[in-house]
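Single-structure report; data block below.
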Amino acid sequence: MSTLLQQLANGVVQGALIALIALGYTMVYGIIQLINFAHGEVFMVGAYGGLATYTWIVPESVKDVWYVSLPIVLVGGVAVSVAIALLMERFAYRPLRNAPRLAPLITALGVSVFLQEFVRNFYPNATAALPFPGVFVQGQLVIGPIRVGWSGILLIGVSVLLSIALQTYINRSRMGRAMRATAQDPDTAKLMGVNPDRVIVLTFVLGAALAGVAGVLFGTYLNNINTDMGFQTGIFAFTAAVLGGVGSIRGAVVGAFIIGLVKTLAGQYMPGGTQYDYVWIFVVLILVLVFRPQGLFGEPERVRA
Amino acid sequence: MSALLEVRDLSVAYGAIEAVRDISFTVEAGHIVSLIGSNGAGKTTTLRTISGLLRPTGGEIVFDGKPIHDQPAHTILGSGLAHCPEGRRLFPRMTVEENLQLGAYVRKDDGVEADMQNVYELFPVLGERRHNKAGLFSGGEQQMLAIGRAMMSKPKLLMLDEPSMGLSPIMTQLIFDTIKELQKQGTTILLVEQNALAALALSDHGYVIDLGQTTLDGPGHELLADERVRAAYLGED
Ligand SMILES: Nc1ncnc2c1ncn2[C@@H]1O[C@H](COP(=O)(O)OP(=O)(O)O)[C@@H](O)[C@H]1O
Ligand SMILES: [Mg+2]
């Protein structure tokens, strides 16, 4: 029983992390129908950006004062993620805007491999996993049999808060309306004066900022980062987005928590343990897609007039 | 009188298929001008090219004294040219209010709220259902919203592509009355219709388009009386 409760708590932390990344997949897909396979690497470079900021920018005297160093590290991680996403959009995807759908998809895979190799080769000592500082309150929250590190609690809080903020921004702001209009009918959005390039850039920036936050908080939680982390977590996040209904903000968040829970519970209770958690996640995905191809919150595929 | 919109020798192609060949027409400020022609004549293609959604293969489009055929589509509305597209093309998963707000997307002034109230006064049914999703509306209500949305930018010229398509005769009449009213309020109108009779009756000037070319033009009432027009478009022999 206590193991189950503990695994549920771990699953929620995992879900919170996956949600921050899944939002980027789902937003970009909603606007330009591209599965940006390199989005996992945007998360990964955010972690390395955060680590670099901590190592070379945060002054020694405040390195242990988390409420000073964490904000600086977050800004550094987000800045690197956003910069990489902007370059990716401008130089890899924009030239392929009118190309057949397969071209940007393959390009995304190429960008993903490129970024992994780039960091592995040029970040000092990144050929092995690197320690990441615990730039938050140390220790654990203990509720009965459950123990969750404070940095895990932080991850949950930030993820929920940013998801709500994003949803509110998209539903209420002028640019959010322009984003939804472009997603629903790009040509008519142009007739309203909406500049599609601005909307697309904004979409990449928002997704990358969330991924950058996720990268830093992941490092803070696990105290360890490597160049494969984007690929691994990216697959979970992508699956969460599809499960929730790609293009749907709420779907991505709900999908992420489902994936997080399935992953930890399957790792604990299913044959094969954590080695095979992927298998169970894909089983859930396939089951959902068989009965609801558009995902939990997705709009059914419709033909445009 | 000066021409607000001038289209000269416009040609547009979809790949190898030339949909519009050397079309020329003029819209004077304050007028209602209609382009009539059967299905596939090239009317929609012409409007989409004026709006910048398609690029011409030849010719020019001059609006308010400036050539606009090289401008990106999203900049056209800002210069005062609104396009109410064929099939309404509302944002179906947004509310009436959000659709109207998007119509005013390019505006920076603070009169947007008041203009929204004007739309609700003109079409009370929209006001009653302002928080409902546009996709759930009837054809007539959708057309009202499409026109209202296009008016929200306060355009100098409003292009309407088949506003009567799929509407009941009563609803069609309401839409045409609204168009006349917009003209009275100072908006210039470029109207595309298959419903030639109703369109020409309303128009200061009309152009007949056939197989991508302008074949006839003249004041609305003259075209209405023209035997060739009556034979081809009004179902008379
Ligand atoms: N997207 C498209 N691709 C290829 N051909 C098209 C496309 N849209 C329209 N056409 C062709 O261009 C011609 C003019 O079409 P259109 O401008 O829609 O005419 P109208 O609005 O007068 O009915 C037609 O022959 C039509 O088949
Ligand atoms: Mg048409």
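Coordinate-derived values only; no laboratory data. Keep in mind the model is a prediction, meaning the values are calculated, not measured. Cβ sites come from the backbone with ideal geometry, for glycine too, and all protein chains shown count toward neighbours.
Taking each residue of region B:210-230 that is in a loop (DSSP other than H, G, I, E, B) and looking for partners that are not charged (D, E, K, R) with beta-carbon atoms closer than 6 Å, six or more apart or interchain, yields B:Gly212/B:Ala19; B:Gly212/B:Val20; B:Gly212/B:Gly42; B:Pro219/B:His205.
A:Tyr54 meets the conditions (1) closer than 29 Å to A:Met175 by Cα; (2) touching a residue at least 40 places away in the same chain (Cβ under 8 Å); (3) assigned to a helix (DSSP H, G or I) in every case but one. The failed one is (1). Taken together, A:Arg180, A:Arg172 contain a single residue that is of a type outside the set (Gly, Ala, Ser) and either out of contact with any helix residue (DSSP H, G or I) (no Cβ under 8 Å at 6 or more places or on another chain) or more than 7 Å from every other protein chain (Cβ to nearest Cβ) (or both), which is A:Arg172. Tally the residues that are away from ligand 1 (no atom under 16 Å from the Cβ), closer than 30 Å to A:Ser248 by Cα and surrounded by fewer than 20 Cβ atoms within 10 Å (Cβ to Cβ), restricting the search to region B:39-93. The total comes to 4. Among the residues that make up region A:153-167, is at least one of them under 30 Å from B:Glu98 (Cβ atoms), within 14 Å of chain B (Cβ to nearest Cβ) and either loosely packed, with under 14 Cβ neighbours inside 10 Å or more than 22 Å from the chain's Cα centre (by Cα) (or both)? No: region A:153-167 contains no residue that is under 30 Å from B:Glu98 (Cβ atoms), within 14 Å of chain B (Cβ to nearest Cβ) and either loosely packed, with under 14 Cβ neighbours inside 10 Å or more than 22 Å from the chain's Cα centre (by Cα) (or both). Note on region B:1-58: enclosed strands (runs of 3 or more DSSP E) holding 1 or more residues that are within 26 Å of A:Asn195 (Cβ to Cβ) and more than 15 Å from ligand 2 (Cβ to nearest atom) are B:3-14. Within the bounds of region B:159-166, is there any residue that is part of a loop (DSSP other than H, G, I, E, B), surrounded by 19 or more Cβ atoms within 10 Å (Cβ to Cβ) and more than 13 Å from every other protein chain (Cβ to nearest Cβ)? For region B:159-166, residues part of a loop (DSSP other than H, G, I, E, B), surrounded by 19 or more Cβ atoms within 10 Å (Cβ to Cβ) and more than 13 Å from every other protein chain (Cβ to nearest Cβ): present.
Any idea which of B:Leu145, B:Leu122, B:Leu158 is touching a residue at least 12 places away in the same chain (Cβ under 8 Å), among the aliphatic types (A, V, I, L, M) and under 19 Å from A:Thr182 (Cα atoms)?
Of B:Leu145, B:Leu122, B:Leu158, the one residue that is touching a residue at least 12 places away in the same chain (Cβ under 8 Å), among the aliphatic types (A, V, I, L, M) and under 19 Å from A:Thr182 (Cα atoms) is B:Leu145.
Taking each residue of region B:35-46 that is within 14 Å of another protein chain (Cβ to nearest Cβ) and looking for partners that are in a loop (DSSP other than H, G, I, E, B) and near ligand 1 (Cβ under 7 Å from one of its atoms) with beta-carbon atoms closer than 7 Å, six or more apart or interchain, yields B:Thr44/B:Glu86.
Looking only at region B:70-84, decide whether some residue is away from chain A (no Cβ under 14 Å), on the phi < 0 side of the Ramachandran plot and within 13 Å of ligand 2 (Cβ to nearest atom). So far as region B:70-84 goes, no, none of its residues is away from chain A (no Cβ under 14 Å), on the phi < 0 side of the Ramachandran plot and within 13 Å of ligand 2 (Cβ to nearest atom).
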